[in-house]
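The values are calculated or read from the model by the stated rules, or taken from the named source; none is laboratory data. These numbers come from a predicted model, not from an experiment. A quick note on method: Cβ atoms are made from the backbone with ideal geometry, for glycine too, and the neighbour counts reach across all protein chains shown. Note: accessible area is taken over every heavy atom of the protein model, side chains too, but ligands, DNA and RNA are not part of it. Shrake-Rupley method; radii C 1.70, N 1.55, O 1.52, S 1.80 Å.
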Amino acid sequence: MTNSFLTDRFTESTRNRAELRLALYSGNILSELRRNAIVPQLLARDPALIGALNSSDYTSSTQRLISFVEEIGAASLMLLDRDGRSVAATDRNKLQSLHRAEPYFVDAIRSNGTVFSLIARESGGYSFTYSRRVESNSEFLGVVVVEVDLQKFERAWAGISDAVLITNSEGIIILSTEPRWRGLQEQEALQRQPPSGAISRAIQATVDWSTVPGDVFLRGEAVMRTQARITFRGWQMASFTSYASVRERVNGVLALEIMGFAILLALAFYFLNRKTAVRMALFQRESAELRQLNIRLQREVAEREKVQENLAFAEQTLAQSSKLAALGEMSAAVSHELNQPLAAMRTYLAGAKLLVGRGRPEEALASFQRIDDLIGRMGSITRQLKSYARKGGDELAPVNLGDALASSLSMMEPQLRQRLVQINKTLPPEPVMVMADRVRVEQVMINLLRNALDATKSVEDPQVDVLLAAGETAMLTVRDNGQGIEDLDALFEPFYTTKQPGDGVGLGLAISSGIVNDLGGRMTARNAVHGGAVFEIRLPILNEEVASRVQPAAE
């Protein structure tokens, strides 16, 4: 059973490897042919070669072809004049030779494109050439010939154990690891008796081997035949692989199997005889282990009691450290969030002072009213910032995002005037309602607007686009034309900032992202295609039916 199973399995794997190797060989042949097919078209347009054919001055043409053949990797290059005479060639033995009757010259004259020719050599084998006519002002000047070096694949195949051959559309062998096969049909080549030591090519058809039914026989030994098609002029490729490796692998596994059974029998006999002695030793060992276990248990109990005491002390220390860390984060957050209202208050106080000095008290009172609103807002911010360290329980109410955006832009008015930033707003005609806390929503909008202003400091024409849209969700988009975001992964982490020391502590986006998440939404960021950063906020939209039920309850 093992012999039959492994023979079939290893035979299939050997066939698969042979087919894969054949596909690789055929791909290399096709790649070489396609790579050389474009060369005549390029050389036929070469100004130096065209000029040489026009002037009949070929002093540098051969050297130019030699420089080309080193880059192309072709077997040889040759330039023929209109009479079929070789006027330039990489093989100097072909210079001034006449090729008027050769197929690559005759076919190239009759065709406007590149032609392929397969010509049998007198010394044996075949030459593979591409040729193309050279024209100037629709006048025939000559023919450029490129010989493809396919013999290098024969030389490469000589180092493998398989026999490989390639036939053309007529079934004639044009390339082979066995030189005597070239020019013959495959059946004729298999019936020949090649010399001893070539690769044991004496093959005759039979199906007489019962262990592995081979495709053909090689000196009385079955071999496997695999075939592949080359998508070029009906060419076919075949290889012959020996089954010797299959038999070696099967025999090796069978030897290991027999050895394994022998070892198992020896081990079984050994363990049966040692069973009693092992049991006695096991009982003694278990008794000693139990004594040692009791001692270890006593030590572990003492160590656990000590660890419990250390753990209680560590918990107290950790609780105190957590309180200090939360206090530090809250202090930094308060400092960050109050900078904006304080800057606005300073601007309004300066304006009120000028208005009072000019005898315009009513306008000064309006500035004082704005300052009073900012003070109230600062109190709201300090209450809301507590949620960063501890989740709050603030009640939510319907909020019009358009009104919240207008309020945020009003608070940012002093900074916008100083920077002369162009603000482009796009708002829908209908109100966009969400269930949220207006102060926290405005806090998020101000943080995004402030970041956009900071991002456009180094831009000549700063511009910030604000887009509010309503669909399945309410979406607010803030886009700037700054330098973009370097590290998107760490953008919403606390204390991450790209600003200079003193300009920010890196809590604005972290706080804003936490607020949006608490409201059931999501904040994302990305870099714009044409430069700058884009921040998007998506919140669950509040439809009219829910808003009509919530509004009376809130009132």
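Taking region 357-371 as the range and being assigned to a helix (DSSP H, G or I) and either open to solvent by less than 90 Å² (accessible area, probe 1.4 Å) or in contact with a Pro (Cβ under 6 Å, 6 or more places away or on another chain) (or both) as the test, the residues that pass are 357, 361, 363, 364, 366, 367, 371. For region 10-49, taking the residues that are at pLDDT 85 or above and small (Gly, Ala, Ser), the one that is farthest from residue 236 (Cα to Cα) is identified as 48.
Here the strands (runs of 3 or more DSSP E) wholly within region 128-177 that include at least 1 residues being touching a Pro at 6+ places or on another chain (Cβ under 6 Å) and of a type in the set (Val, Ile, Thr) are 139-148.
Taken together, 452, 469 contain a single residue that is outside any loop (DSSP other than H, G, I, E, B), under 37 Å from the mean Cα position of the chain (by Cα) and in contact (Cβ under 8 Å) with a residue 60 or more places away in the chain, which is 452. Residue check: residue 440 meets all listed conditions (1) in contact with a strand residue (DSSP E or B) (Cβ under 8 Å, 6 or more places away or on another chain); (2) within 17 Å of residue 396 (Cβ to Cβ); (3) of a type outside the set (S, T, N, Q) but one, namely (1). Answer yes if at least one residue in region 255-276 is open to solvent by less than 80 Å² (accessible area, probe 1.4 Å), free of Cβ contacts under 8 Å to residues at least 40 places away in the same chain and more than 60 Å from the chain's Cα centre (by Cα), and no otherwise. Scanning region 255-276 turns up no residue that is open to solvent by less than 80 Å² (accessible area, probe 1.4 Å), free of Cβ contacts under 8 Å to residues at least 40 places away in the same chain and more than 60 Å from the chain's Cα centre (by Cα).
For region 223-254, the set of residues classified as open to solvent by 60 Å² or more (accessible area, probe 1.4 Å) and hydroxyl-bearing (Ser, Thr, Tyr) consists of 231 only. Among the residues of region 1-57, those that are among the basic types (Lys, Arg) and in contact with a strand residue (DSSP E or B) (Cβ under 8 Å, 6 or more places away or on another chain) comprise 15, 21. Exactly one residue out of 468, 449, 488, 476 is within 24 Å of residue 416 (Cβ to Cβ), among the hydrophobic types (A, V, I, L, M, F, W, C) and at pLDDT below 90, and it is 449. Residues in region 6-47 that are open to solvent by less than 50 Å² (accessible area, probe 1.4 Å) and hydrophobic (A, V, I, L, M, F, W, C): 6, 10, 18, 22, 29, 30, 33, 37, 39, 43, 44. Would you check which residues across region 534-555 are modelled with pLDDT of 90 or more and either buried (at least 20 other Cβ atoms within 10 Å of the Cβ) or not hydrophobic (A, V, I, L, M, F, W, C) (or both) and list them? Listed by number, the residues that qualify are 535, 536, 537, 538, 539, 540. Return yes or no: is residue 123 open to solvent by 10 Å² or more (accessible area, probe 1.4 Å), touching a residue at least 60 places away in the same chain (Cβ under 8 Å), closer than 30 Å to residue 240 by Cβ and not in a strand (DSSP E or B)? Judged against the criteria, residue 123 is not a match.
Within region 49-100, the residues that satisfy the criterion of being among the charged types (D, E, K, R) and outside any helix (DSSP H, G or I) are 57, 81, 82, 83, 85, 91, 100. Of the residues making up region 407-425, those that are under 16 Å from residue 377 (Cα atoms) and either of a type outside the set (A, V, I, L, M, F, W, C) or exposed (fewer than 15 other Cβ atoms within 10 Å of the Cβ) (or both) are 407, 408, 410, 413. If you take the residues in region 375-406 that are at pLDDT 80 or above and assigned to a helix (DSSP H, G or I), which one is surrounded by the most Cβ atoms within 10 Å (Cβ to Cβ)? The selected residue is 401.
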